[in-house]
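Okay, structure first, notes after.
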Amino acid sequence: MLLPLAAVVSKAFGGGADAFWHAVSDRQALAALRLTLILSLVVTAVNAVMGTLIAWVLVRDEFRGKSFVNSLIDLPFALPTIVAGLTLLALYGPRGPAPFNIAYTRIGVATALLFVTLPFVVRAVQPVLLTLDRESEEAAESLGASPWVTFRRVILPSLMPAILSGGALAFARALGEFGSIVLIAGNLPFRTELASVFIYGSIQSDDTQAAAAVSVVLLLLALVVRGLIAALDRWGRRHEG
Amino acid sequence: MRGRFALRSVALGYLTLLLVLPVGFVFLKTFEHGVGAAWDSVTTPAARHAFWLTIELVAIAVPLCTLFGVVAAIAIVRRRWRGRALFNALLDIPFAVSPVVIGLALLLVYGRLGWFGDWLAQNGLRIVFAFPGMLLATIFVSLPFVARETIPVLREVGTEQEQAAATLGAGPFQTFWRVTLPAIRWGVAYGVVLTTARALGEFGAVSVVSGHIAGQTETLTLHVEDRVEAFDLTGAYAAALVLALIALLTLLSMNLLRRKEAV
Amino acid sequence: MTGIVVSDVSKSFGDFVAVDDISLTVPDGSLTALLGPSGSGKSTLLRMIAGLEEPGAGQIVIGGADVTRTPARKREIGFVFQHYAAFKHMTVRDNVAFGLEIRRADRAKIRSRVDELLRLVHLEAYAKRYPSQLSGGQRQRMALARALAVEPRVLLLDEPFGALDATVRRDLRAWLRRLHDEVSVTTILVTHDQEEAMEVAGQIVVMNGGRIEQVGSPRELYEAPANDFVAGFVGPVTELAGSKLRPHDVDIRIDPVDGAMEAQVRRVTHLGFEVRVELEAGDGRRLWAQLTREEAEQLELMDGQIVYVRASRRMPVALA
C-alpha cells in the first residue's frame, strides 16, 4: 500500500520541486484543483444541513415506511458510483424527461457528489441523536426556551462533533470522487473538470508527471482532513464523563 | 406539528429527487424497448465477459480482504506493539485517497515505465492492463472495510470470554475459533458485505490499470461507461441494472446484518 | 397565590392508565411530596403539572390560571430531573444563566442573580467548570440553581436525589428543607422513598396504581393510615391477635399481664440502636417487635424463651 503511494510522491518530485510547482500551477490543473475544493466545500455544507435534517426526521419523526427510508440511506454506499452517475444523467441529462439539464454543468457535478456522499452525515448524526439526553431538552423547555432555541442552544452543540466528522468524511470523499462524475461532468476543462478527472486525463495522455503532482496535492488535502477528523473526535469527547 | 410535517417533507423530497427518481427511472428505461432487448444487451459476449470478470475479481479480492481485515483488527485491538497507532492510521488510506490516485500509484510501480516495469517485462509478467493489476486495484480500494467494522465489535466484546476460555484450557487457536470469531461474526459479515459492494462497484482505480479492452479487461462498471460512450444506452442501462440489483441485495443484507448486530 | 389545583386529571399511554382521574390541591408555599412505588403515576402527574406531558382529561390550575393547554415554557415553573439534565457543553455559570438569557434579562442582572444562586447552592467556586467535572450531588445542586434562577412560581422535583448515594442524599434532603424555608416557593417533590418524603415534606400524597390513596401530614399517614397500602408503605407493620400495629408498639413482658398473649422468642437480631425480635404467638402466627437497645438489655431475651405480648398502641382505623 505504501510502496505505490511512495511511487506517486517520488514521481511528482522526480523532476525536482520546480517541476512539481510547474505541474501544479498549470492553469488547467489549478482550475481543476480549485473547482474540486470549492465543490467539495459546497457539497459538505449541503450535507451538513440536509444530513442533519434527514437524521432528525429518521429519529424523531414517525411515519409509515420510515424503516424503508432508513435503509435507502445506504443506497449510495451499495450502488456502484458509475451507476449513480448514469442514473442522474438518465433523468436530469440532455435526453431525460426532467425540465432542466444538469449534464456537463457544475450543478450536475455537485449533484453527483451529493448522491455519493449522502450517507456520511446522516449515519454520523443518527446514533448521537438516538442517545441524546431528552431530559436536557425538557429542562430547556421548562426554563422557557422555544423549540428553535432548544435546538440551537442545547441539541445542536451536542450534534456538532458528529456533524463535523460526518462532514469531514463527506469532504474527503468528494475530493477524490471519480466514478459518479465521469459521465455527468463531460470533462470540460476549466468548467466541470475535477482534480480526479484531470489526473485521469493526464494518465491517458501519458503525462504522469502532471498526474502525480496533482495527486500529491490531493493526498496532502486528504491528510489534513484526516488530522481534522481526529481533532474533532477529541473535541467531541471533551465534555464527556 | 406543522413544523414536523414540513421537516419530513423536505427530507423525503430531497431523497426522492436525489436517489429514488434517478434510480427508479433507470429501472424503467432499461425495459423501454422490452424485456427482450434488455436481455439481449446484457448477454452480448462483451457484457457476459464483463460480468464473469467482475465475479472473478470479487471472488478473489473479498476473501483476501476479509482475512487481512480480521488479522489486522486483532493486531490493532488485542496486541500491543510499536507502530500500532501508525498502522491503524495507515489502514484508512484507501478511504482517504482518490481511486484514480490509487490507479496511478499502481501504474507507477508495476507499469511499463514503473519501478518494477523492466523486471516484470524481462520475466514476461504482465500486471498493468491485465487481470493482476485490476485485482490489486480492487483489493487496494476495498481493504479497510472488514477491519473497520470488526475493530469496534472486538473492543466491545472485551477479553473476558477469551480469558475464560484460556482458563478452561483452550489454546490460542481454539479460543479464536470457538470464542472470538463467533462473537465478532456479524461485524465481520457486515464488513464483508461492504467489501463486496466496493469491489463490485469500483471504477476509478480499475479504470486506470485496465486498459479497457472489451472482452478482456473490462469489468461491469467499465462496460457501463463503454456502452454510454458508444451511445448504446439500452446496453448501459441494462448493465447498470444488473449492478443495481446486486446493490439491492447488498442493501438488504446490510439491513439484516445491522439488525443481527443490534441483538 | 401560586397554589396548584389538579381536577379530574387522567393520562394513558396506550392501554396503560398512568394517572386515573386524580384531583389534588397543593397549598401556596407548601412542600408537598408525591410518594408511591414505581408505576404509581407520580412522575406522570408531576410532568403534567409541568406541561411536559399533556393530560388526556381534566384541568390543571396554577396560581388561579388554567394552564392545562399552556406549553411548559410558558408556565413559569422550575423542573429538576433525576439525572440532572445538565447542559453538558455549558459551564455551570452558563447553565444557571440559561433561563435568564432566554428571558433577555440584562447582563448585569443575570450576573448578579447567577452569583447569588451559586452562593445559595454552594457552587460559587465551580462557576467555570463543566458539568462533567462535578460530582452527582454538585450537578443536582447546579440543576436546582438553574431552575430557581428564573424565580419560578412553582418548583417541581422529579426524584431529584434518586441517582445519588446515601450520604449525599441525606445531606441534600436537609439542605432542600432549609432552602424551602428560605425561598418558600410552592414545591412538589416526587419520590419513592418514604423516609425522604417524611423528612422533607409538610404534606404527603401517597399514590398507587394511578390513584391517590391518602393525603396528609407525615404524622397522620404514619399514625392513621387510611388503608393497608399506606400503612405498609410509610412504615413497617406487624399483626397481633388479628389487629395491625407498628412493631415498636409491641409490648413484651417476662411475666403474664392482662390482655397479653403468650409467645415464644424465635430470634433476636441486634441492629445497633434497634433490636429486632421475631416471635411466634400462641395462636401460631408470627410477628415481630422493634425494641431499643436499652429495652432489650433489661428483658435479656433468649431464643426459645416464653414471653407475653400485647399492643401498647393500635392503629386507630380498623384495617381490612
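Observations, loosely collected:
- Farthest toward the positive end of the dipole of the protein assembly as shown, out of C:V61, C:V190, B:G124, is the Cα of B:G124, where the dipole comes from beta carbon charges about the Cα centre.
- Cα pair count fraction exceeding 34 Å, expressed as % - chain C: 37
- Alpha-carbon centroid distance for the pair the range C:244-318 / the range C:110-164, whole angstrom: 47
- Partner shielding of A:194-201 amounts to 4, given as the average count of beta-carbon atoms from other chains within 10 Å of each residue beta-carbon.
- The Cα-based radius of gyration of chain A, divided by its Kirkwood radius, gives an Rg/Rh of 1.05.
- From phi via Karplus (6.51, -1.76, 1.60), per-residue ³J(HN,Hα) for the range B:49-54 in Hz, x at Gly/Pro: 5, 4, 4, 5, 5, 4
- When peptides B:220-232, B:141-153, B:62-74, C:115-127 are sorted by average Cβ neighbour count within 10 Å, with the highest value leading, the order is B:141-153, B:220-232, B:62-74, C:115-127.
- Computed from protein heavy atoms with a 1.4 Å probe, the total accessible area buried between A and B is close to 5600 Å².
- Shielding of B:246-255 by partner chains, average beta-carbon count, 10 Å: 4
- Of all DSSP beta bridges in the protein assembly as shown, antiparallel share, percent nearest 5: 70
- Degrees between helix A:27-60 axis and first principal axis of chain A (Cα, 0 to 90, nearest 10): 20
- Surface composition of the protein assembly as shown: carbon and sulfur atoms hold 58% of the protein heavy-atom accessible area at a 1.4 Å probe.
- Long-range HN-HN contacts of C:M207 with modeled amide H, under 5 Å: C:L35, C:G36, C:E213
- The simple spin-label model puts a point 7 Å past each Cα toward its Cβ; for B:N123 and A:A230 those points are separated by 3.6 nm.
- Heavy-atom accessible area per residue - the protein assembly as shown, 1.4 Å, Å²: 46
- Between B:R79 and B:L181, residue separation times 0.36 nm minus the direct Cα-Cα distance comes to 35.1 nm.
- Principal-axis analysis of the Cα atoms of chain C puts helix C:166-183 at an angle of about 60° to the longest axis.
- Karplus-derived 3J(HN,Hα), 6.51/-1.76/1.60, for each residue of the range B:212-227, Hz, glycine and proline x: 6, 9, 4, x, 10, 10, 10, 7, 4, 5, 5, 5, 4, 4, 4, 5
- Equivalent ellipsoid semi-axes - Cα gyration tensor, the range C:1-148, angstrom: 31, 18, 13
- Mean-position separation - Cα centroids, the range A:97-152 and the range C:168-191, in angstrom: 42
- Along each principal axis, Cα extent of the protein assembly as shown, largest first, Å: 118, 68, 58
- Dipole of the protein assembly as shown [Lys/Arg +1, Asp/Glu -1 at C-beta], most positive-end residue of C:T25, C:T167, C:I254: C:T167
- Across the range B:70-93, no residue has a backbone nitrogen under 16 Å from the label position 7 Å along the beta-carbon direction of B:T167.
- The P(r) of the range B:84-130 has a tail past 13 Å containing 61 percent of all C-alpha pairs.
- Shielding by partners, peptide A:181-187 (average Cβ within 10 angstrom, other chains): 2
- Here the extension length gained between C:H122 and C:D20 equals 32.7 nm, from 0.36 nm per residue of separation less the Cα-Cα distance.
- Electrostatic dipole magnitude of the range A:2-240 [Cβ: Lys, Arg +1; Asp, Glu -1; Cα centre; debye, to 20]: 180
- Amide H contacts under 5 Å for B:A130: none, restricted to partners 5 or more places along the chain or on a different chain, H placed in the peptide plane at 1.01 Å from N.
- Chain C: relative contact order as a whole-number percent, Cα under 8 Å and 6+ apart: 18
- With the charge dipole of the protein assembly as shown set up from +1 on Lys and Arg Cβ and -1 on Asp and Glu Cβ about the Cα centre, the Cα lying farthest toward the positive end among the listed residues B:V242, A:Q126, B:S207 is that of B:S207.
- Cα-based radius of gyration of chain B once divided by 2.2 N^0.38 Å, which approximates compact folds: 1.21
- Between 0 and 90°, nearest 10: helix C:92-102 axis offset from chain C longest Cα axis: 60
- Here the peptides A:211-219, A:69-77, B:38-46 are ranked by packing, the mean other Cβ count within 10 Å, and the order with the highest first is A:211-219, A:69-77, B:38-46.
- Buried solvent-accessible surface, both chains (C, A), 1.4 Å probe, Å² to nearest 100: 2100
- For the range B:129-144, the Karplus equation 6.51 cos²θ - 1.76 cosθ + 1.60, evaluated at θ = phi - 60°, returns couplings of 6, 8, 4, x, x, 5, 5, 4, 4, 4, 4, 3, 6, 10, 5, x Hz by residue, with Gly and Pro reported as x.
- Semi-axes of the equivalent ellipsoid for the range B:69-187, computed as √(5λ) from the eigenvalues of its C-alpha gyration tensor and ordered from largest down, come to 38, 16, 13 Å.
- Equivalent ellipsoid dimensions for the range C:181-320 as semi-axes, Å, which come from the Cα gyration tensor, largest first: 33, 17, 12
- Within the range C:31-110: Cβ-based charge dipole about Cα centre, in debye rounded to nearest 20 (Lys, Arg +1; Asp, Glu -1): 240
- Computed about the Cα centre, the dipole magnitude for the protein assembly as shown is approximately 2220 debye when only Lys and Arg (+1) and Asp and Glu (-1) carry charge, each at its Cβ.
The values are calculated or read from the model by the stated rules, or taken from the named source; none is laboratory data. Just so it is clear, the structure is predicted and the values come from calculations on it, not from any experiment. Ideal geometry is used to build each Cβ from the backbone, glycine not excepted, and the neighbour counts take in all protein chains shown. When the accessible area is computed, the model is the full protein with side chains, heavy atoms only, and any ligands, DNA or RNA have been set aside. Shrake-Rupley method; radii C 1.70, N 1.55, O 1.52, S 1.80 Å.
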